[in-house]
1. Of everything in region 85-137 that's touching an Asp or Glu at 6+ places or on another chain (Cβ under 6 Å) and not hydrophobic (A, V, I, L, M, F, W, C), which residue is surrounded by the most Cβ atoms within 10 Å (Cβ to Cβ)?
2. Take region 232-256 and flag every residue that is under 25 Å from GLY174 (Cα atoms) and outside any strand (DSSP E or B).
3. Out of (1) of a type outside the set (A, V, I, L, M); (2) surrounded by 14 or more Cβ atoms within 10 Å (Cβ to Cβ); (3) assigned by TED's automatic domain parsing to the domain that holds ALA98, the odd one out for LYS157 is which?
4. For GLU79, work out the one condition from (1) modelled with pLDDT of 95 or more; (2) under 19 Å from the mean Cα position of the chain (by Cα); (3) assigned to a loop (DSSP other than H, G, I, E, B) it doesn't fulfil.
5. Between residues in region 223-240 that are over 16 Å from SER198 (Cα atoms) and residues that are surrounded by 13 or more Cβ atoms within 10 Å (Cβ to Cβ) and charged (D, E, K, R), which pairs lie under 8 Å by C-beta distance while being six or more apart or on different chains?
6. Tell me yes or no: at least one residue of region 24-38 is closer than 22 Å to GLN117 by Cβ, outside any strand (DSSP E or B) and in contact (Cβ under 8 Å) with a residue 60 or more places away in the chain.
7. Scan region 67-93 residue by residue and report those that are under 22 Å from MET31 (Cβ atoms), without any contact (Cβ under 8 Å) to a residue 60 or more places away in the chain and touching a Ser or Thr at 6+ places or on another chain (Cβ under 8 Å).
8. Select from region 207-238 the residues that are of a type in the set (A, V, I, L, M, F, W, C) and touching a strand residue (DSSP E or B) at 6+ places or on another chain (Cβ under 6 Å) and write down the one among them that is surrounded by the most Cβ atoms within 10 Å (Cβ to Cβ).
Amino acid sequence: MAENNNVEKLTEGVKEGNVLAGFVLYKDANMDWARFKKYLKEDWDMDVQDEVKDNAIVFHADDMVVACSLMPSPIPDNEAETFAANNIMWKDGAAEAAKHQAHVMVAVMNKFDAMDQAELFAKVACCLLKLDNAIGIYKNPTVYEKQFYVDFAETIKKGEMPVPILVYTGMYLGKDGLCAFTQGMKYFGKDEMEIVNSKQQPDKLISFMFSIEEYVLSEDVELKDGETIGFTEEQKLPISVGEGVSIPGTTVKIGF
């Protein structure tokens, strides 16, 4: 998308690590940078003294570089609305995303640890989303609703891992049952995961996916072909590893 060129300009000169980027959607281009800095300090003890120039700011936090830049226009080609429709947790996501008239590109650079980078991104995005005119955040491959994202980001304060905003979990009705899949586990060095043709109810399936994602990430677990997994002594769910059904590439499939 066109915004990638602007991210490259913001991140020019950054030599090490990767860039983790997203786009916070706003109802208008009235950007309250002072309040954004206030939230950074109050919520995460980030004392940002850097100046805002041309509606953009670049600062250092946790040995990483953060860049935010306001674009006083919608994301082109209805891209945000299209991807908001992927969010199974936000019924009116596409319609709400369509209301945005401006957006802030936020990028976190210099990745030395994937989880540290992802959590710093969540903290910064949380503060941007707390502004009154924020709608949500477009972070490929979906758009998260404002309060949903903020609520999970703030669980970091309690030492929890905000998995639902770190890894995208999709769900759809397959030929013989519900299917669920992840997009984003690869960022943390893990295989994407799938459940194919489950007979479980949607709420139980999505809850299980969140639990298994958190387990794999927090415990640094590798799920291996032919093994089983369960959250009780009696639960023994089969694991298979092979070509993905819902997404391309190798995936870990769990029988649930």
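1. GLY136
2. Those that are under 25 Å from GLY174 (Cα atoms) and outside any strand (DSSP E or B): GLN235, LYS236, GLY244, VAL245, SER246, ILE247, PRO248, GLY249, GLY255, PHE256.
3. (2)
4. For GLU79, the exception is condition (3).
5. From residues that are over 16 Å from SER198 (Cα atoms), the pairs are LEU223/ASP191.
6. yes
7. Result: ALA84, single match.
8. MET209
The values are calculated or read from the model by the stated rules, or taken from the named source; none is laboratory data. Values in this document were obtained by computation on a predicted structure and should not be read as measured data. Positions of Cβ are generated from backbone atoms using ideal geometry, with glycine treated the same way; all protein chains shown enter the neighbour counts.
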